[in-house]
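Peer 1: Got a structure for you, written out below as structure tokens; questions coming shortly.
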Amino acid sequence: MNDDAVRPEGERPSVAELEERAYELRAKLLHLCGTYEGAVHIGGDLSAADIFTALFHYGLDVDPGDISNPRRDRFLLSKGHAAVCMYIAMSMRGFFSYEGIVETYGKLDSAYGMHPCKVQLPGVEASTGSLGHGLPLAVGMALSARHRGETHRVVCLLGDGETGEGSVWEAAMAARSNELGNLVAFVDRNRQLMTSFAEERVAFEPYPDKWRAFGWNVVEADGHDMASLVAAIDGLPAAQSDRPTVVICETVKGKGVDFMEHNLAWHAGSLGAADLERALAALESTRKKETV
Amino acid sequence: MPVTFTFGEMLSARSVIGTTLAELGETHDNLWVLTPDIGATLVEFRDKYPERFLDVGLAEQACVGIAAGLAYDGNIPVVSGMLPFLSMRALEQIRTDVCYPNLPVKIIGTHGGLVGNGGSTHYAVEDLALMCALTNMTVTSVGDPNMVGEVLRQSMSMPGPIYIRLAVGKKDKVLYAEGEHDVRIGKGIVARDGTDATIFTHGTTVAQALDAAEELAADGRSVRVVDMFTLKPIDEALIAQCADETGGKFVVLEDHLAYGGLASRIADVVADRGIRLNGFERLGIPQVYAGFGDDEELRDKHGYGLAATVAATRRVIAQPSWPTSH
């Protein structure tokens, strides 16, 4: 994403390869959900799995071997409850060990918990979990990059539900006011809150128009179509441009596991052995069969 | 409550909130229930009184502000949610919109202390310090799940705001038999009597203090446990009485920062009233962000688990005694 690349030379994966990695990410998520005794925020993990894959394997200019390079793209997980999806996506990119995540997740002294902590887990850019905090942090990082004359991007992933928080819109206003074209927000528009379907309680629509009204460049993508996500990433305006971009990704909470999709009971949960098998079989049936 | 639970049984405080609010909605037609997307256990009220239920989505500040607006117009609003966010994100709304005009808004929620394994964004550990600082605010922290209903019922007639803190609220130990204690906001409860020392505590650690007292009884120590579920206004008379009757030996145990919560409230009373103590230990969360782990593991790790409570109580009992006077 960057004029001044951090990532070692090498070809970026194809859409088909990304699809396969997203499948693998979901399978690993389900295994963790079947291993850990407590609840995992599996619904919002699955809705964001393709976005995480597109970012960590294609869009973000990051290098797991050089996590403090000042020119790296910054990624902030504003919907911090999808931490485990981020940990695994990052492990598949070489940041962490997947086994380490599964073995210690949620346990005493683990670096991997329900919400990400930068101090406990270097490589993660910010400690998040309380909703509505990511975008203001991202504005600060984007402002700093501008000030230093750097051309990396700052990318922030939000849930649509959390954009009910006023701080999101305060930051959206500041981003446009300060002409932060190096700032990109991805919204996981899964249309579910924890206890209700979004539009039952909160009138988000006309959602893209809200961002347009704040002066943002709005891109609408299918958050489960890798080609659509790749096109959105390829089409991002230059970091030096003067408008922040939001990529609104239409998604499904629980995507890939039929009995979790559109199901309020699966905001968070855990899987017994039989349910894990059922979930993996459901996921397998969605897998694209083309050769990679 | 239609069902009676007895000591040691587990009961969901959240379900008690749900049933109590549904019951109070009948007798109080100006009772409203508001939540920022934490409504799963409020369905009994929501289904019965949908016109007086408001889920604003993820917007804690607006939620508290809207509650204040309802209260200005003569309503009794209850805001239910997760306390790390209500007590901090909406702190200015609580202070300026609720406490300043002294409106009868009730803030009730879960995740007080190192509970739920959510990590430091999801632990309310400073909340009692923040709430106790607010003029007009009554501050409570309730462990026994049945008591939550009683505190809510009593709060209906209060002219000003109240904060009601719970742990996770999914499985809480029933501590008291029905009618065993007179539950009064502003009055501490002597949960177990004793003469060698007093452990003051509140909320989820009352059960732990009772276990510690039981363990100490095995080697002949008689330890009083006070459930000081109201932190503000605090029961000053009971603190003075415990100094007199338990040798001036105090342990304060809480699932909150060790400084700023109940221990600090009691230390203020001790200093202000010139109460002479013969030992004072505070057990709570040190100045750290606590990390992940089960509730009990985290308490042990951070020095306020059961073993630490027993050891601290032994230490204060072993301190030389001077005649107390105040």
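Peer 1: Might you let me know whether region B:114-130 holds any residue that is outside any loop (DSSP other than H, G, I, E, B), over 22 Å from B:ALA59 (Cβ atoms) and more than 14 Å from chain A (Cβ to nearest Cβ)?
Peer 2: yes
Peer 1: Mind checking which residues of region B:171-210 are over 25 Å from B:VAL125 (Cα atoms), touching a Ser or Thr at 6+ places or on another chain (Cβ under 8 Å) and in a strand (DSSP E or B)?
Peer 2: Matches in region B:171-210: B:ALA197 only.
Peer 1: Could I ask something else about it? Working only within region B:271-294, note down all residues that are among the charged types (D, E, K, R), touching a Ser or Thr at 6+ places or on another chain (Cβ under 9 Å) and either in a loop (DSSP other than H, G, I, E, B) or within 11 Å of another protein chain (Cβ to nearest Cβ) (or both).
Peer 2: B:ARG276
Peer 1: Within region B:311-326, restricting attention to residues that are modelled with pLDDT of 90 or more and of a type in the set (Gly, Ala, Ser), which residue is nearest to B:VAL251 (Cα to Cα)?
Peer 2: Of everything passing the filter in region B:311-326, B:ALA312 is nearest to B:VAL251 (Cα to Cα).
Peer 1: Between B:LEU283, B:LEU298, B:LEU238, B:LEU210, which is touching a helix residue (DSSP H, G or I) at 6+ places or on another chain (Cβ under 9 Å) and either charged (D, E, K, R) or modelled with pLDDT of 95 or more (or both)?
Peer 2: Of the residues listed, the single one that is touching a helix residue (DSSP H, G or I) at 6+ places or on another chain (Cβ under 9 Å) and either charged (D, E, K, R) or modelled with pLDDT of 95 or more (or both) is B:LEU283.
Peer 1: Could you list all residues from region A:211-236 that are surrounded by 16 or more Cβ atoms within 10 Å (Cβ to Cβ) and aliphatic (A, V, I, L, M)?
Peer 2: Matches in region A:211-236: A:VAL218, A:VAL219, A:ALA221, A:MET226, A:LEU229, A:VAL230, A:ALA232, A:ILE233, A:LEU236.
Peer 1: Which of the residues that make up region A:67-125 are in a helix (DSSP H, G or I), within 14 Å of chain B (Cβ to nearest Cβ) and among the aliphatic types (A, V, I, L, M)?
Peer 2: A:ALA82, A:ALA83, A:VAL84, A:MET86, A:ILE101
Peer 1: Further question on the same structure: Which ones in region B:82-113 are touching a strand residue (DSSP E or B) at 6+ places or on another chain (Cβ under 9 Å) and within 11 Å of chain A (Cβ to nearest Cβ)?
Peer 2: Going residue by residue through region B:82-113, those that are touching a strand residue (DSSP E or B) at 6+ places or on another chain (Cβ under 9 Å) are B:82-88, B:90, B:94, B:98, B:103-113.
Those that are touching a strand residue (DSSP E or B) at 6+ places or on another chain (Cβ under 9 Å) and within 11 Å of chain A (Cβ to nearest Cβ): B:MET82, B:PRO84, B:PHE85, B:MET88, B:ALA90.
Peer 1: Return yes or no: is A:LEU158 more than 10 Å from chain B (Cβ to nearest Cβ) and either within 28 Å of A:SER68 (Cβ to Cβ) or surrounded by fewer than 23 Cβ atoms within 10 Å (Cβ to Cβ) (or both)?
Peer 2: So A:LEU158 passes the test.
Peer 1: Sticking with this structure for a sec: Pick from B:LEU103, B:LEU86: which is in a helix (DSSP H, G or I), in contact (Cβ under 8 Å) with a residue 12 or more places away in the chain, touching a helix residue (DSSP H, G or I) at 6+ places or on another chain (Cβ under 9 Å) and not charged (D, E, K, R)?
Peer 2: Only one candidate qualifies: B:LEU86.
Peer 1: Suppose we filter region B:28-40 for residues that are surrounded by fewer than 23 Cβ atoms within 10 Å (Cβ to Cβ) and within 14 Å of B:MET82 (Cα to Cα); how many remain?
Peer 2: 1
Peer 1: Which ones in region A:167-191 are charged (D, E, K, R) and over 16 Å from the mean Cα position of the chain (by Cα)?
Peer 2: Listed by number, the residues that qualify are A:GLU170, A:ARG176, A:GLU179.
Peer 1: Look at A:LEU55 and say whether it is of a type outside the set (Ser, Thr, Tyr), crowded, with 23+ Cβ neighbours inside 10 Å, closer than 21 Å to A:LEU264 by Cα and at pLDDT 95 or above. Before you say what the answer is, go through the steps one by one.
Peer 2: Numbers: of a type outside the set (Ser, Thr, Tyr): yes; crowded, with 23+ Cβ neighbours inside 10 Å: yes; closer than 21 Å to A:LEU264 by Cα: no; at pLDDT 95 or above: yes.
Criteria not met by A:LEU55.
Peer 1: Can you go through B:ALA62, B:ALA71 and tell me which one is buried (at least 21 other Cβ atoms within 10 Å of the Cβ), in the same structural domain as B:MET156 (by TED's automatic domain parsing) and in a helix (DSSP H, G or I)?
Peer 2: B:ALA71
Peer 1: Please find, within region A:101-133, the residue that is surrounded by the fewest Cβ atoms within 10 Å (Cβ to Cβ) out of those that are hydroxyl-bearing (Ser, Thr, Tyr) and under 26 Å from A:ASP61 (Cα atoms).
Peer 2: A:SER127
Peer 1: May I ask you to list pairs of residues, at least six apart or on different chains, whose Cβ atoms are under 6 Å apart, with the first in region B:267-292 being free of Cβ contacts under 8 Å to residues at least 40 places away in the same chain and more than 30 Å from A:GLY113 (Cα to Cα) and the second being surrounded by 13 or more Cβ atoms within 10 Å (Cβ to Cβ) and not polar (S, T, N, Q)?
Peer 2: Going by the 6 Å Cβ cut-off, the qualifying pairs are B:VAL269/B:GLU236; B:VAL269/B:ILE239; B:PHE280/B:PHE250; B:GLU281/B:VAL251; B:GLU281/B:ALA312; B:GLU281/B:VAL316.
Peer 1: Let me ask something else about it. Got a sec? Which helices (runs of 4 or more DSSP H) wholly within region A:182-292 have at least 3 residues that are under 21 Å from A:LEU135 (Cα atoms)?
Peer 2: So the answer is A:207-213, A:226-234.
The values are calculated or read from the model by the stated rules, or taken from the named source; none is laboratory data. All values reported here derive from a predicted model rather than from experimental measurement. As a convention, Cβ positions derive from the backbone with ideal geometry for all residues, glycine included, and neighbour counts pool all protein chains shown.
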